1. Can you name the number of the only condition in (1) buried (at least 20 other Cβ atoms within 10 Å of the Cβ); (2) away from every other protein chain (no Cβ under 14 Å) that B:Val51 fails?
2. Quick one: what pairs do we get from segment B:148-173, first residue assigned by TED's automatic domain parsing to the domain that holds B:Leu218, second hydroxyl-bearing (Ser, Thr, Tyr) and in a helix (DSSP H, G or I), C-beta under 7 Å, 6+ apart or different chains?
3. Go through (1) facing another protein chain (nearest Cβ under 7 Å); (2) part of a helix (DSSP H, G or I) for A:Gly139 and report which single condition fails.
4. Restricting to segment C:116-128, count the residues that are more than 13 Å from every other protein chain (Cβ to nearest Cβ) and buried (at least 24 other Cβ atoms within 10 Å of the Cβ).
5. Being of a type in the set (Ser, Thr, Tyr) and at pLDDT 95 or above is the filter; apply it to segment A:4-20 and report the residue that is surrounded by the fewest Cβ atoms within 10 Å (Cβ to Cβ).
6. Any idea how many residues of segment C:142-171 are farther than 16 Å from B:Trp210 by Cβ and not in a helix (DSSP H, G or I)?
7. Taking strands (runs of 3 or more DSSP E) that fall entirely within segment A:1-110, which contain at least 2 residues that are closer than 25 Å to A:Arg199 by Cα and in the same structural domain as A:Asn181 (by TED's automatic domain parsing)?
8. Given the criteria within 20 Å of B:Ala95 (Cα to Cα) and in contact with an Asp or Glu (Cβ under 9 Å, 6 or more places away or on another chain), does B:Leu153 qualify?
Amino acid sequence: MTGFVSIDRSEVTATVTLANPERMNALDTTMWRELEKAFVELSADDRLRCVVLRGAGDKAFAAGADVGEFATMRSNREQALAYARVTHAALQAVANCVHPVVARIHGACVGGGLEIASMCDMRICGESSRFGIPIKRLGLVVSYHELKSLIALVGSAAALEILLEGRVFGAAEALAKGLVNRVVPDAEVEPEVGAAVSRIVEGAPLVARWHKRFVRRLADPVPVTDDEMDECYTCFDTEDFRIGYRAFLDKRKAAFTGR
Amino acid sequence: MTGFVSIDRSEVTATVTLANPERMNALDTTMWRELEKAFVELSADDRLRCVVLRGAGDKAFAAGADVGEFATMRSNREQALAYARVTHAALQAVANCVHPVVARIHGACVGGGLEIASMCDMRICGESSRFGIPIKRLGLVVSYHELKSLIALVGSAAALEILLEGRVFGAAEALAKGLVNRVVPDAEVEPEVGAAVSRIVEGAPLVARWHKRFVRRLADPVPVTDDEMDECYTCFDTEDFRIGYRAFLDKRKAAFTGR
Amino acid sequence: MTGFVSIDRSEVTATVTLANPERMNALDTTMWRELEKAFVELSADDRLRCVVLRGAGDKAFAAGADVGEFATMRSNREQALAYARVTHAALQAVANCVHPVVARIHGACVGGGLEIASMCDMRICGESSRFGIPIKRLGLVVSYHELKSLIALVGSAAALEILLEGRVFGAAEALAKGLVNRVVPDAEVEPEVGAAVSRIVEGAPLVARWHKRFVRRLADPVPVTDDEMDECYTCFDTEDFRIGYRAFLDKRKAAFTGR
């Protein structure tokens, strides 16, 4: 039995599940490709307002790349480069999804699993979750792309600590380091993710997409152009601004249309 | 009755107060312009060593831009651009003040109020303070300029969380996120700000200005030039270095002159 | 009696000790030069896997530059520039050491001592350690180079707070600010540093060096080139990858060779 990636749709949200339960949801090549495909597809769906990414079951978010494939698919530099193109495309698809993406984390979130979680916009985990990138045991390095995302979350010093020591550590330390936004008791991960998703989908959908894009844009040191600056005021010409403003004056919740 | 911005001067410090008590110190256009004017004026006053920025009363630092003005002054993209020039000039005046600026925060510090606080050099708040940028309810986005200051304080992940969820949260979370430097019991905000200001004004004034300017300079990814590097040693030719060094050897407090 | 810097070698680790016990291990010019020499030498030694940097005794890591030298060696701008070339070369030698460097911190870690610690890759301290850069009392500024390292650890806002207030603060605040990776009871600093070093030297040595270099490379806003990206996959052609992979499958610890 091999792993797979599934998509569950409701009206304005979707849940993507990484499933390879016998291997702590480790991703084989097929799963990396399905992960990319899922996020490219969901990103193009204009009706969506939020995507949740999770691991099947409650033992793991994902344990990283499937080590069983190393012998055949990553046994040398050339193979590793080809493999990295697949994993990189998947990670970029998660990062570039126009909708906010919330990682729902139970159990192990290590190696490539932590890299996937780092590409999401929010990370909520249970108290018994475990984190780490113990790649030094395998004699392997994290590539610049993935390292950049890790540093963006925890800073250079904590990123280096994680890589040099290679420890697997708990949720409290992950929170203190900035790896996750929020830690809750294991039983409350589901309701807390649900509450966060509700708060996100209640807001104006275009605003969420703009904010996600703007924050990611500012990670690039190239100065923002005047044209880009101008885009910050396009929201004043949307239907949702008129809806939001009227609802605010009436002291009721706005029902946004995404236009 | 409309809002206003007042300045209180003492010998080497000044307190700027945002006052619009009936609207949680929300800023209307007049107040934004007065805020800019106050900081341009204070920045030019060489006798000053520190500026405190606060809201009138203890219910709010500031609740942001006055929503009452939206209908007439921000009803579309063109108007919003003109309005943004006013608010942006005020925010830049706070950021560019040559003296250290300490935000003294009671109560609500949300939306544009939080943006103003983010431009200050230090933020000290009471335990019952509340923070957030719930702009997604209005269908509006934070512009790149203000977003950059927010990210500089809390990082990309927390900035995006604040904007996507739009929650209003408490002082402990603000501290954990890096939004504020220090949380104290409400009754101790005044003495704690006083103590911080004392520590600041006891130091060599030119040093404080250099440090403020250097830290802000390094937010720009353009490499520091040799000429800029050289400026780091100008302090050795100041009268205050000679005063400070002699006081250090004599184990007494230095009385700096600002020269 | 003058200060000195000593090196203690074991098989794959080295300990560098800053010793000037009568002056809280403050560094005079000789010590700055010896510090540079020690790290240049250790960096070139391919057998090493980790370096520990500490102060002699348990009263101080280091109290900064020796203030006794100010009158003769830093009394004006020209002298200060020459002196800065010496201290800067030492700080850079610590930062550029190819091996991971762990700062073992007891007691005072202030001024130049904190700058030295900031150049290390990890910082572990005891509960009674004290931190700060009270340079404003002397009428002096931190130069751009050192400021950059401080900001990389704690962010702009905390860096400015440290410099403007000039407070000397405890280990818990240092941890909250991100100045140190870990605080332990004073008696456990030695075993905890030992445990961290063990974890580091158990990993593949080339991987540790790559990770250190990659993390420092990303502090530079210049985009990573394709050639640099390619280097991320060189590890797949190392002997240590084959050793690490086999050990992983056999569920035993790998014995890396550094090739």
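The values are calculated or read from the model by the stated rules, or taken from the named source; none is laboratory data. These numbers were taken from a predicted model, which means no experiment stands behind them. Note: ideal-geometry Cβ built from the backbone for every residue, glycine included; neighbour counts use all protein chains shown.
1. Unmet condition: (2).
2. If the second residue must be hydroxyl-bearing (Ser, Thr, Tyr) and in a helix (DSSP H, G or I), no pairs are left.
3. Among (1) facing another protein chain (nearest Cβ under 7 Å); (2) part of a helix (DSSP H, G or I), the lone unmet condition for A:Gly139 is (2).
4. Number satisfying all stated conditions: 2.
5. Restricting to residues being of a type in the set (Ser, Thr, Tyr) and at pLDDT 95 or above, the top hit is A:Ser6.
6. 4
7. A:4-9, A:13-19, A:50-55, A:101-105
8. no
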